[in-house]
Amino acid sequence: METICRILTKEEFNSALSIRLKVFVDEQNVPLEEERDHYDDSAIHFGAFVSDTMVATGRLIILDDNTGKIGRMAVLREYRGLGIGLTLLNSLIHECRRLGLKEAILSAQLQAIPFYEKAGFTAHVGIYDDAGIPHRTMTLCL
């Protein structure tokens, strides 16, 4: 199954948001008002496409000259376990490197830590609550 990952146009953002709402709000019970935030306006949004259909999304927020924050990684349920999430994550990491950033950070749900470790991220000490779900900060030196 060929997966194409790329930066989304502004017109494609609603499709990405729809995926996020299905995954985070419908499946994980994240409050709707917490899912969409002010970073959506300035973030670089990515989509993963299979046969021209967006099946996953993620975003990159540039925090400063050295650091990018990867977040809102969401893969539709029927496409999980196929490597699409890792392909998308690698595309986001590649964009961080292309922009000359030195570090990528993210906030990982505890069950997703092994997934991010496969891409080289390291989990830091300390568990915190984000939208009612336990998370840990993870970083990757670029």
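No lab work stands behind these numbers, since they all come straight from the coordinates. All values derive from a computational prediction rather than experimental measurement. Ideal geometry is used to build each Cβ from the backbone, glycine not excepted, and the neighbour counts take in all protein chains shown.
Going from the fewest other Cβ atoms within 10 Å to the most, the residues Asp65, Asp40 appear in the order Asp65, Asp40.
Would you please name the trypsin sites (Lys or Arg not before Pro) within the range 69-103 that are DSSP coil residues with at most 16 other C-beta atoms within 10 Å of their C-beta?
Answer in residue order: Arg80, Lys102.
By the count of other C-beta atoms within 10 Å, a proxy for reagent exposure, Tyr128, Tyr79, Tyr116 are ordered fewest to most as Tyr128, Tyr79, Tyr116.
Only lysines eight or more places from Lys118 in sequence, or on another chain, were considered; those with a Cα closer than 22 Å are Lys69, Lys102.
Remind me, relative contact order of the chain in percent, using alpha carbon pairs under 8 angstrom and six or more residues apart?
Values: 240 pairs, mean separation 28.7, N = 142.
Reported relative contact order: 20 percent.
Neighbour counts of C-beta atoms inside 10 Å place Val30, Val55 in the sequence Val30, Val55, starting with the fewest. In terms of its alpha-carbon gyration tensor, the chain comes out rounded; the largest-to-smallest axis ratio a/c stays below the 1.5 threshold.
Converting phi to 3J(HN,Hα) with the Karplus coefficients 6.51, -1.76 and 1.60 and the offset θ = phi - 60°, the range 6-12 yields 7, 5, 8, 7, 4, 5, 8 Hz in sequence order, with x at every glycine or proline.
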